[in-house]
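Asker: Okay, handing you the structure first.
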Amino acid sequence: MKNKIGTLAAQIFEQTVAQRRHLHQHPELSFEEYQTSAFVRAELERLAIPYRSMANTGLVAEIVGDRPSGNVVALRADMDALPITEVAGRIYGSKHEGVMHACGHDAHTASLLGTAHILQSLKADFGGTVKLIFQPGEERLPGGASLMIKEGVLQNPAPQAVIGQHVMPLIPVGKVGFRAGKYMASTDELYVTVRGKGGHGAQPQQNIDPVVIAAHIITALQQVVSRIADPKMPTVLSIGKVVANGATNVIPNEVYMEGTFRTFDEKWRKEAHAQMKKIASGIAESMGGTCDFEVRVGYPFLVNEEQLTARVREYAVEFLGEEHVVDLDLWLAGEDFAYYSQVADACFYRLGTGNEAKGITAAVHTPTFDIDEQALAISTGLMAYIALRQLGN
Ligand SMILES: [Zn+2]
Ligand SMILES: [Zn+2]
């Protein structure tokens, strides 16, 4: 089986690269993946794989092996791009002004199409059902995964496992990375408005200075991380935007701030939201001002089910060799695959796409991000192999 998959993966490699480049040249923003969705549908039709539409631009396809088995596994790719202008001069650079596949979702989609091709070619050799999830809107709330789940992507039939992969430039091409248990953080957005009473900078006694209040709030909010959070619970609170539109001699009426809160526990997450609001409004009121503290709840934390992840890691070792499988640290970025992990046994692993020798080191979400396409020589076959092993073949 392993050899058959390897041969098929090698046969389709150039096609997978061409598909990735096509998608890279035609990126679409979250929930606007119309051309991308049409491209995936055309390829599924060419492969004679049945599918249905979901969540507007999303798709779920199904490959049922010929041998009898009731087992089901779901494989997921995300399809959306980011509002970033790609660095100029690339032969397969974005043709859509201001939009770029800077998170590798082009590679995920092309790779899952390659996996579909391999599995469809091997239908006679395996038992079980593979669901292929092509989802929209990973990069934007409420997250395409949550919509797909609401529309029943994990039902009829329900998979025993959901598996996803994501490019990672920090891992050298040729390798993949795993972490069992909690892996990525819940992500909440903070929108804070501190109101006071503006006036002349020389007459603070007649005003209520929201700048000073905001400064106290920014500092005091770190109490949540350093004094209220359990030291064993990774927690991040960052205020990344502060707008006080006064002048050297003008105290403004209000200060506007934005930030992010991230952690790995739902109960603590809710408690922290309440604590942040209490601290901010308490400080504002004690200084004569007010504070609107809005928490826009984002993705939950992503947990890789321990036993499933141990098994999938082992399948990766079988397919690639122990020296090509690495272990990962916690990662406080967010990822909407987390929604699958909250309702099903899930495993989200990392595909190495970096290559220092070729200068491919840029981080995701930057204009110079790229992947070493040799990663696509591994990713299609690896996912096919993992799927078949997980199905008991
Ligand atoms: Zn991203
Ligand atoms: Zn991503």
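The values are calculated or read from the model by the stated rules, or taken from the named source; none is laboratory data. For clarity, every value in this text was computed on a predicted model and none was experimentally measured. Using ideal geometry, Cβ is built from the backbone for each residue, glycine included, and neighbour counts are taken over all protein chains shown. Just so you know, the surface numbers come from the protein's heavy atoms only, side chains and all, with ligands and any DNA or RNA stripped out. Shrake-Rupley method; radii C 1.70, N 1.55, O 1.52, S 1.80 Å.
Asker: Taking the square root of 5 times each eigenvalue of the Cα gyration tensor, what semi-axes in Å does the equivalent ellipsoid of the stretch 1-148 have, largest first?
Answerer: Working: eigenvalues 155, 68, 24 Å².
Over the Cα atoms of the stretch 1-148, the semi-axes work out to 28, 18, 11 Å.
Asker: Taking θ = phi - 60°, what integer Hz values does the Karplus form 6.51 cos²θ - 1.76 cosθ + 1.60 yield along the stretch 338-347, in sequence order, with x for Gly and Pro?
Answerer: 3, 4, 5, 5, 7, 10, 8, 5, 9, 9
Asker: Now, a different point. Could you work out how far helix 375-390 tilts from the main Cα principal axis of the chain, as a 0 to 90 degree angle to the nearest 10?
Answerer: 80
Asker: How many angstrom lie between the Cα centre of the stretch 254-268 and the Cα centre of the stretch 15-45?
Answerer: After rounding, the separation between the Cα centres reads 34 Å.
Asker: Still on this model: Roughly to the nearest percent, how much of the accessible area of the stretch 235-383 is carbon and sulfur, given a 1.4 Å probe? Don't skip to the answer; put the middle values down first.
Answerer: Details: 3370 of 6660 Å².
About 51 percent, which is the carbon plus sulfur part of the accessible surface.
Asker: Compute log10 of I(q)/I(0) for the chain with the Debye formula, placing one identical point scatterer on every Cα and leaving out solvent, at q = 0.10, 0.13 Å⁻¹, to two decimals.
Answerer: -0.69, -1.04
Asker: From the phi angles alone, apply the Karplus equation (6.51, -1.76, 1.60; θ = phi - 60°) to the stretch 65-70 and give each ³J(HN,Hα) in whole Hz, x where the residue is Gly or Pro.
Answerer: x, 6, 6, x, 5, x
Asker: In Å, what is the Rg of the alpha-carbon atoms in the stretch 250-342, and how long is Dmax?
Answerer: In order Rg, Dmax, the Cα atoms of the stretch 250-342 give 20.7, 67 Å.
Asker: Further question on the same structure: Under 5 Å between amide hydrogens, which residues at least 5 positions from Thr187 or on another chain qualify, with H placed 1.01 Å from N in the peptide plane?
Answerer: Excluding prolines and chain starts, which carry no amide H, the hits are Gly298, Tyr299.
Asker: Still on this structure, please answer the following. From zero outward in steps of 5 Å, how is the percent of C-alpha pairs of the stretch 180-245 spread across the bins?
Answerer: Percent of pairs per bin, in order: 3, 13, 20, 19, 14, 11, 8, 6, 4, 2, 1, 0.
Asker: What length, rounded to one decimal in nm, is gained on full extension from Ala333 through to Arg90, with 0.36 nm per residue of separation minus their alpha-carbon distance? Could you put the intermediate results ahead of the total?
Answerer: Values: separation 243, 0.36 × 243 = 87.48 nm, distance 2.78 nm.
Gain on extension, Ala333 to Arg90, equals 84.7 nm.
Asker: List the residues, sorted by chain then number, that are 5 or more residues from Ile360 or on another chain and whose placed amide H is less than 5 Å from its amide H.
Answerer: So Ile360 has HN proximity to Asn355.
Asker: Next question, about the same structure. In sequence order, what are the phi-derived ³J(HN,Hα) couplings for the stretch 149-165 according to the Karplus relation 6.51 cos²θ - 1.76 cosθ + 1.60 with θ = phi - 60°, rounded to whole Hz, with x for glycine and proline?
Answerer: Rounded to whole hertz, the list is 5, 4, 8, x, 5, 9, 10, 6, x, 7, x, 7, 8, 10, 10, x, 10.
Asker: In addition: Within the stretch 230-251, which residues have the backbone N less than 20 Å from the label spot 7 Å out from Lys270 along Cα→beta-carbon, could you tell me?
Answerer: Counting only backbone N, you get 230, 233-236.
Asker: Sticking with this one: Just subtract the alpha-carbon distance of Val236 and Tyr191 from 0.36 nm times their residue separation and send over the number in nm, one decimal.
Answerer: Details: separation 45, 0.36 × 45 = 16.20 nm, distance 1.57 nm.
Net length gain for the segment: 14.6 nm.
Asker: Give me, ordered by chain and number, the residues 5 or more places off Ala161 or on other chains with an amide H under 5 Å from its own placed amide H.
Answerer: Ala74
Asker: Per residue, how much accessible surface does the stretch 74-130 expose to a 1.4 Å probe? Answer in Å², no decimals.
Answerer: Numbers: 1550 Å² over 57 residues.
Averaged over the residues of the stretch 74-130, the accessible area is 27 Å².
Asker: Quick one: order Lys95, Lys131, Lys4 from most to least accessible surface, probe 1.4 Å. List each step's numbers first, then the result.
Answerer: Values: Lys95 135, Lys131 0, Lys4 100 Å².
Sorted descending by solvent-accessible area, the residues read Lys95, Lys4, Lys131.
Asker: Check each of the GluC sites (Glu not before Pro) in the stretch 30-120 and keep only those in coil by DSSP with at most 15 other C-beta atoms within 10 angstrom; list them in order. Mind dumping the intermediate values first?
Answerer: Values: sites: Glu32, Glu33, Glu43, Glu45, Glu62, Glu86, Glu97; in loops: Glu32, Glu33, Glu86, Glu97.
Counting only loop positions with at most 15 other Cβ atoms within 10 Å, the GluC sites (Glu not before Pro) in the stretch 30-120 are Glu97.
Asker: Would you mind computing, in nm to one decimal, how far apart the modelled labels at Gln15 and Val250 are, each placed 7 Å from Cα along Cα→Cβ?
Answerer: Distance between the two pseudo-spin positions: 6.3 nm.
Asker: Eigenvalues of the Cα gyration tensor times 5, then square-rooted: what semi-axes does that give for the stretch 155-305, in whole angstrom, largest first?
Answerer: Details: eigenvalues 324, 56, 36 Å².
Rounded to whole Å, the semi-axes are 40, 17, 13.
Asker: Greater than 20 Å separation of Cα atoms is the criterion. Which listed pairs, Lys131/Lys175; Lys150/Lys267; Lys232/Lys278; Lys182/Lys267; Lys2/Lys175, meet it? Don't skip to the answer; put the middle values down first.
Answerer: Working: Lys131/Lys175 25 Å; Lys150/Lys267 23 Å; Lys232/Lys278 23 Å; Lys182/Lys267 15 Å; Lys2/Lys175 17 Å.
Distance filter (> 20 Å) returns Lys131/Lys175; Lys150/Lys267; Lys232/Lys278.
Asker: Using only Cα atoms, tell me the angle between helix 105-121 and the longest principal axis of the chain; keep it within 0 to 90° and round to the nearest 10.
Answerer: 20
Asker: Mind pulling the per residue volume of the convex hull built on the Cα atoms of the stretch 117-205? Å³ is fine. Walk me through the numbers on the way to the answer.
Answerer: Values: hull volume 21.4 nm³, N = 89.
Hull volume normalised by residue count: 241 Å³.
Asker: Still on this structure, I have one more. Sort Trp268, Trp331 from largest to smallest accessible area, using a 1.4 Å probe on the heavy atoms of the protein chains. Mind dumping the intermediate values first?
Answerer: Details: Trp268 20, Trp331 90 Å².
Correct descending sequence by accessible area is Trp331, Trp268.
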